[in-house]
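Please treat every number below as a calculation from the coordinates, not as lab data. Owing to the predicted nature of the structure, the values given are computational and were not obtained by experimental measurement. Virtual Cβ from ideal backbone geometry, glycine too; neighbours counted across all protein chains shown.
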Amino acid sequence: VAMGPGKAELLAHIAATGSITAAARKMKMSYRRAWLLIADLNGCFKTPVVETAKGGKGGGGGAALTPFGADLLKRYRAMMAKTQRAIAADFKSVAEHLA
């Protein structure tokens, strides 16, 4: 799966913090796991989703969504909202039968 809720959340945190480390921390995941998810995302698309800058002794590294990455996150959120609206009535009907 190229994109899902976990990857969307990770992208949102990277956009907000400018840091893979901070984004991973907010999601209570390891930096390595976050980095692997980003590598997977960048590998799934023709255009990178996240760009990183290496830090040095004094830090200065960071991460940011590319314009494509920002658009991908926006479109993913829109698709999820449309899906939720489309199934709302069926979900409500089924939920009425829950014990």
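Here is the size of the chain from its Cα atoms: Rg then Dmax, 16.7, 60 Å. Each residue of segment 38-46 was assigned a 3J(HN,Hα) from its phi angle through the Karplus expression (A = 6.51, B = -1.76, C = 1.60, θ = phi - 60°), giving 5, 4, 5, 4, 4, x, 7, 10, 5 Hz with x at Gly and Pro. Taking the Cα centre of the chain as reference, the dipole from Cβ charges on Lys and Arg (+1) and Asp and Glu (-1) amounts to some 260 debye. Listed by chain and number, the aspartates and glutamates whose alpha-carbon sits under 13 Å from that of K28, ignoring those within fewer than 8 places in the same chain, are E9.
Kirkwood radius, segment 1-48, all distinct C-alpha pairs, inverse of mean reciprocal distance: 10.6 Å.
Helical content of the chain, expressed as a calculated mean residue ellipticity at 222 nm, amounts to -21000 deg cm²/dmol (DSSP H runs of 4 or more residues, -39,500 (n - 2.57) each, divided by residue number, nearest 500). For M27, no residue 5 or more places off, or on another chain, has a built amide H under 5 Å of its own.
If you count, for each residue, the other Cβ atoms within 10 Å and average over each peptide, how do 45-53, 6-14, 31-39, 82-90 line up from highest to lowest? Mind showing how you got there, number by number?
Details: 45-53: 14.6, 6-14: 19.2, 31-39: 16.2, 82-90: 9.8.
By packing density, highest mean first, the sequence is 6-14, 31-39, 45-53, 82-90.
By the rule of a C-alpha distance below 19 Å, with chain neighbours fewer than 8 residues away ignored, the lysines paired with K26 are K7.
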